[in-house]
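Inspection log for the structure reproduced underneath, given as structure tokens.
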Amino acid sequence: MPFDILVLSVGYTGLLVSKALASHRNRSKFTFALAGRSISKLQRITSDPGLIDIPTFQVDIGDEVALRSLISQFKVVINCTSRYYQLSLPVVRYGTYSSPYVYFDYLLELASVRASTI
Ligand SMILES: NC(=O)c1ccc[n+]([C@@H]2O[C@H](COP(=O)([O-])OP(=O)(O)OC[C@H]3O[C@@H](n4cnc5c(N)ncnc54)[C@H](OP(=O)(O)O)[C@@H]3O)[C@@H](O)[C@H]2O)c1
């Protein structure tokens, strides 16, 4: 696996997570990359001085093949997309095809919790 951590989506939360990883005290011990569906947003984010050398990948979560292929390159995925009730389950499901694999997100959307436990 070429990378340790994937930050999936680079909206408000994804940017905060990316900056926290970039300035982490153990930064030299892990690699990470950013993924989003908008190339222009990825380019804007990596123009931030703290994120300038971070690799980026374009992916839409609705694209099963691309998402699976991307996730398989990482040990950990931090899911920062919105609309978890629609978008988190595919990420979890596709992730189970790669091993080892760890999934994190910021579950503030209770509908997705309910959906995943049905
Ligand atoms: N904002 C907060 O203070 C906060 C705090 C804790 C937890 N959270 C949780 O974090 C999650 C994200 O919130 P946010 O405020 O960061 O939202 P946001 O700024 O709207 O970011 C959401 C990201 O999801 C991406 N996205 C949407 N559909 C996608 C798809 N089909 N494929 C790939 N990417 C897609 C969006 O991409 P585009 O930019 O291309 O639209 C955007 O970058 C929410 O579940 C929220 O409950 C937020």
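The values are calculated or read from the model by the stated rules, or taken from the named source; none is laboratory data. Keep in mind that what you see is a predicted model, and the values were worked out from it rather than measured. Here Cβ is always computed from backbone atoms with ideal geometry, including for glycine, and neighbour counts include all displayed protein chains.
Within segment 8-33, the set of residues being more than 10 Å from the ligand (Cβ to nearest atom) and not charged (D, E, K, R) comprises S18, A20, L21, A22, S23, H24, N26, S28, F30, T31, F32, A33. In summary, A20 fulfils each of the numbered conditions (1) assigned to a helix (DSSP H, G or I); (2) under 13 Å from the mean Cα position of the chain (by Cα); (3) at pLDDT 90 or above; (4) among the hydrophobic types (A, V, I, L, M, F, W, C) with the single exception of condition (2).
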